[in-house]
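Here the structure comes first, spelled out in structure tokens, and everything after it is commentary.
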Amino acid sequence: MPELPEVETTRRKIEPLLAGRTILSVAHDAPHRYRDTHLAHGRQVSGLSRRGKYLMLHLAAAEADGEEHDLIVHLGMTGGFRLEEGPHTRVTLTTDAGTLYFHDPRRFGKMAVVPRGVYAGMPTLLAMGPEPLSEDFREEEFVRLAATAGAVKPWLLSQKPVSGVGNIYADESLWRARIHPAQTRLTPEEAGRLYHAVRDVMHEAVEAGGSSLGDGLGNYRQHDGEPGAFQTRHAVYGHAGKPCPRCGTPIQKIVLAQRGTHFCPHCQPRRTEDPA
DNA sequence: CTTAAGGCCTGTTTGC
DNA sequence: TGCAAACAGGCCTTAA
């Protein structure tokens, strides 16, 4: 599942293929899912950036309107760019220097072309919290917000306290911080541990090129088919029943807020009484 | 305002 | 064996 590390890896890998190129066409047959992509035609790609799990292709102004645009891409669960067409190719992106194919078996991915910075109609992007690897992500603020939050895992997944955390990295971060996924109202000590766990996990995962899991459809790959390497460092995600790397207790899997949730019942006990 | 739940979508896995 | 049901899950929409 593409989360921040996978989206960042995608950005780094396809930027050399797109920067400075002119988009000739964005072809697909799902205008509701890939909105206003015709607005990208004829525009030059000035660069790529990322916000949370959103990928942004910055498009130079066209002669007709003099306005810069963004082609916003969300990879959803199974989206990714490839060099070759396949059975799940949903969008064909043709430039003056080659073609990229957007694969997305489960069709959770989305695209939209909008005037630069106009994100109306994208509530998650508008309300997005700070980037976990930037200086905007401040421990004090995170600790303050966590003190009154509900169950910590759904809170992390909301993208509001910090951006880019999805199901895999939420479970891994909570395991490192030794906090139960359903814990509410974190103490300053707990929130501080979680702050550093999120930063460390994201940093390590980006360096490893993200996580590639199994051989199934949800398996994230880079555009050239290369897998990431972080999955070998997962302590709990996908490890139900296997020993906790820290204490040996079998990892437990539960459903929390409709998400598969993995944790160590020994290292991550639920704190029931309020700290005095 | 906040929080919770349903829906989207389809290949794979599980269960009868 | 074969088919149906459950499962995976990020984010939007709707509801409370």
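The values are calculated or read from the model by the stated rules, or taken from the named source; none is laboratory data. What you see is a predicted model; the values in this text were computed from it and never measured. Heads up, the Cβs are rebuilt from the backbone with ideal geometry, glycines too, and the neighbour counts pull from every protein chain shown. For accessibility, only protein heavy atoms count, side chains too; no ligands or nucleic acids. Shrake-Rupley method; radii C 1.70, N 1.55, O 1.52, S 1.80 Å.
Can you give the relative contact order of the stretch A:139-263 as a percent, counting alpha carbon pairs under 8 Å and 6+ residues apart? The normalised contact order for the stretch A:139-263 reaches 23 percent.
Could you please state how large a percent of the accessible area of the stretch A:139-263 is carbon and sulfur, counting protein chains only and using a 1.4 Å probe? Don't skip to the answer; put the middle values down first.
On the way: 2630 of 5350 Å².
Result for the stretch A:139-263: 49 percent of the exposed heavy-atom area is carbon or sulfur.
Extension gain for the segment residue A:46 to residue A:271, taken as residue separation times 0.36 nm less the Cα-Cα distance, is 76.0 nm to one decimal.
Using heavy atoms of the protein chains and a probe of 1.4 Å, the accessible area assigned to residue A:175 is about 30 Å². The fraction of Cα-Cα pairs per 10 angstrom bin, counted from 0 for the stretch A:4-122, comes to 14, 51, 32, 3 percent, rounded to whole percents. Remark: chain A carries 46 Å² of accessible area per residue (probe radius 1.4 Å; ligands, DNA and RNA excluded). Other residues whose C-beta falls under 13 angstrom from the C-beta of residue A:126 contribute a net charge of +2, scoring Lys and Arg +1 and Asp and Glu -1.
Stretching residue A:63 away from residue A:139 to a fully extended chain increases their span by 22.8 nm, per 0.36 nm per residue minus the current alpha-carbon distance. Note on chain A: GNM, Cα springs under 10 Å; of A:107, A:51, A:259, the largest mean-square fluctuation is that of A:259.
How big is the convex hull of the Cα atoms of chain A, per residue, in Å³?
Taking only Cα atoms, chain A has a hull volume of 128 Å³ per residue.
Lysine pair count for chain A (Cα-Cα distance under 16 Å; residues 8 or more apart in sequence or on different chains): 5. For residue A:118, the solvent-accessible surface with a 1.4 Å probe is about 70 Å², rounded to the nearest 10.
Of the residues A:121, A:80, A:210, the one that moves most in a GNM of chain A with alpha-carbon contacts below 10 Å is A:121. Only DSSP H runs of four or more residues enter the estimate; each adds -39500 (n - 2.57), and after division by the residues of chain A the mean residue ellipticity at 222 nm equals -7000 deg cm²/dmol. Shown for the stretch A:1-58 is the translational diffusion coefficient from the Stokes-Einstein equation, using the Kirkwood radius over Cα pairs, a temperature of 25 °C and a viscosity of 0.890 mPa s: 198 µm²/s.
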